Amino acid sequence: MSDDRTAALRADLSVLQDLGDRIVKSATAGGATVAECVLRTGSELSVTVRLGETELVEDAGFRGAGLRVMKGNRVASTSTSDLTEGGIARFVEDALEILELSQEDPFAGPVDPKLLCDPKSLPDLELYDPRGGDLTAAQAIAEAARGEAAARAFDPRITNSDGATMGRNAGGSVIVLSSGFTATTIGSYQSLSVVPLAEDEGGKKRRGYFWTAKRFMADLEDAAKVGEEAARRTLRKLGARTIPTGKYPVIFDPDAARSMVGTFAGTAMGGSIWRKSSWLCDREKTRVASDLVTLVDDPFLLRGPGSRAFDGEGVASRKNVVVENGVLEMYLCDSYAARKLNRETTASAARGGGGGVGASTSNFFLKAGADSPEAILKGTKRGLYVTEMMGFGFNAITGDFSRGAAGFWIENGELAYPVSEVTISLNFNDLWQRVDAVGSDLRFDSSTASPTFRVSEMTIAGGTGADE
């Protein structure tokens, strides 16, 4: 069955490639000097099981097209899911009509054709698992139920559940440019999450979770183990309290650290720089973090969640080291941001379903260090171990950072008790320069990833009680 699905997907992509050729030719015949079309096809499945009962099943296929057209320095983009002859005709007409109404932008234009890659020599990054498309709703329900059941059976203090969700996405895309570049990609992604609840003092509910996500089904963690770990993470929140306000070391576990790394990535985009909306403006080749911090955008990781052989403009992918040993080496740019900043693209373009293009990351991560997470914890006499953050208190222009947090208080190198209702804050410039330990526990369940890391000192504001 896997081979049949793969063959059907490739056949559909071949049909879409022919359609993309027609769309591009129709747009250029209608007056566009540049036409770029992206077409996508595939299927998505998501199921949720709660308290052993199936709550949600969503299983749908999708097909659609996005078109970006240019005429001189004018640009317009549009999208459609109507791939009938009439729908395509209206689709192209709409794009050309919007183009005539668009204002000129001196920096608009396609990527330099000399930078386009050879689609016949693209590396195989193992992005598609034929088994992923074979996952049926019944099988997904069974796996989600197994994960939730393992969580509920783990300890009698697990009294409720927000459910377990399993999903998969399998499909492909075609990009056709009027410059002559045409390429196809296929990919898959599967995930499972379990969210148990436990009853705390005063009737408060404590919610924990654990998840696994990979491009290949065989790489997913076992559903029962996911449920058991979710239960452990829920139970360790029982008895949460607040802590006195003060300045202490803060350790971010991989999930919380991933959020921090993702926030940094957003401020390193060329678009943020030319708009002057980033604390990293005019900071290239200067120190923005400690020697332990190296931030990498690597599109070549085998089976990586964000891996890609070429970017959204057809430029061959490249590994970009954004921060090396604490020094900001570059900004991530598509061709538009590169022109605005008087430099070359870093092959960081991503093309949305509507045909629009903007800079984005591939697999963006903090490079793993030599210390185990256990050693980092043991080396922290007193401080906060953060496992969750809430809200979004970050000013990208100034770098001021303040977010609600939960986790555990550290005493003498050990987790002493759970903590909730606190706020952690520090300017990003100081935060990253105070990173004094980086863990070895880097894993790629999402396209933004980080190992455990420690900030030597942050301001922690305590609250008056535990959260619900």
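Scanning the stretch 328-349 for residues that are of a type outside the set (Ser, Thr, Tyr) and in contact with an Asp or Glu (Cβ under 9 Å, 6 or more places away or on another chain) turns up Leu328, Glu329, Met330, Leu332, Cys333, Asp334, Ala338, Glu344, Ala347, Ala349.
Residues being under 22 Å from the mean Cα position of the chain (by Cα), aliphatic (A, V, I, L, M), surrounded by 22 or more Cβ atoms within 10 Å (Cβ to Cβ) and at pLDDT 95 or above are represented in the stretch 328-342 by at least one member. In this entry, Ser402 is excluded by the filter for residues that are in contact with a Lys or Arg (Cβ under 8 Å, 6 or more places away or on another chain) and either among the aromatic types (Phe, Trp, Tyr) or assigned to a strand (DSSP E or B) (or both).
So Phe91 fits all but one of (1) within 18 Å of Gly312 (Cα to Cα); (2) in contact (Cβ under 8 Å) with a residue 60 or more places away in the chain; what number is the exception? So Phe91 meets the others, but not (1). Scanning the stretch 166-205 for residues that are polar (S, T, N, Q) and closer than 19 Å to Phe62 by Cβ returns Asn169, Ser173, Thr184, Thr185, Ser188, Gln190, Ser191. Applying the criterion of being surrounded by 15 or more Cβ atoms within 10 Å (Cβ to Cβ) and of a type in the set (D, E, K, R) to the residues of the stretch 113-144, the residue that is farthest from Ala164 (Cα to Cα) is Asp129. Just to be sure, is Ala144 touching a residue at least 60 places away in the same chain (Cβ under 8 Å), in the same structural domain as Thr185 (by TED's automatic domain parsing) and more than 26 Å from Leu301 (Cβ to Cβ)? In short, yes.
State whether the residues of the stretch 362-369 include one that is surrounded by fewer than 22 Cβ atoms within 10 Å (Cβ to Cβ), among the basic types (Lys, Arg), within 22 Å of the chain's Cα centre (by Cα) and not in a strand (DSSP E or B). Yes, because at least one residue in the stretch 362-369 is surrounded by fewer than 22 Cβ atoms within 10 Å (Cβ to Cβ), among the basic types (Lys, Arg), within 22 Å of the chain's Cα centre (by Cα) and not in a strand (DSSP E or B).
If the condition is being of a type in the set (Phe, Trp, Tyr) and touching a Lys or Arg at 6+ places or on another chain (Cβ under 8 Å), then the stretch 294-310 contributes only Phe300. Selection within the stretch 376-394: residues that are loosely packed, with under 15 Cβ neighbours inside 10 Å and in contact (Cβ under 8 Å) with a residue 24 or more places away in the chain. The member of this set that is farthest from Ala437 (Cα to Cα) is Gly393.
Right, Ala350: closer than 30 Å to Phe310 by Cβ, of a type in the set (A, V, I, L, M, F, W, C) and in contact (Cβ under 8 Å) with a residue 60 or more places away in the chain or not? Taking the combined requirement at face value, the residue does not satisfy it. Going through the stretch 413-457 one residue at a time, which ones are in a strand (DSSP E or B) and either under 30 Å from Gln190 (Cα atoms) or of a type in the set (D, E, K, R) (or both)? If the condition is that a residue be in a strand (DSSP E or B) and either under 30 Å from Gln190 (Cα atoms) or of a type in the set (D, E, K, R) (or both), then Glu414, Glu421, Asp436, Val438, Gly439, Thr448, Ala449, Phe453, Arg454, Glu457 are the ones that fit.
Return a yes/no flag: does the stretch 427-437 have any residue that is of a type in the set (S, T, N, Q) and within 19 Å of Ser277 (Cα to Cα). Yes, the stretch 427-437 has at least one match. Listed here are the strands (runs of 3 or more DSSP E) enclosed by the stretch 145-213 that have at least 3 residues being charged (D, E, K, R): 205-207.
When we screen Val69, Val49 for residues that are over 22 Å from the mean Cα position of the chain (by Cα), more than 17 Å from Ser102 (Cα to Cα) and either buried (at least 20 other Cβ atoms within 10 Å of the Cβ) or among the basic types (Lys, Arg) (or both), the only hit is Val49. Return the pair list, or none, for Cβ contacts closer than 6 Å from residues in the stretch 115-132 that are assigned to a helix (DSSP H, G or I) to residues that are exposed (fewer than 15 other Cβ atoms within 10 Å of the Cβ), at least 6 apart or on different chains. Close Cβ pairs (under 6 Å, with a partner that is exposed (fewer than 15 other Cβ atoms within 10 Å of the Cβ)) amount to Pro130/Ser2; Arg131/Ser2.
Would it be correct to say that Gly314 is within 28 Å of Met166 (Cβ to Cβ), surrounded by 20 or more Cβ atoms within 10 Å (Cβ to Cβ) and of a type outside the set (A, V, I, L, M)? Taking the combined requirement at face value, the residue does not satisfy it.
Of all the numbered requirements in (1) surrounded by fewer than 22 Cβ atoms within 10 Å (Cβ to Cβ); (2) more than 26 Å from Ala35 (Cβ to Cβ), Asp297 misses one, and that requirement is (1).
The values are calculated or read from the model by the stated rules, or taken from the named source; none is laboratory data. Model, not experiment: these values are computed from the prediction. We place every Cβ from the backbone using ideal geometry, glycine too, and count neighbours over all the protein chains shown.
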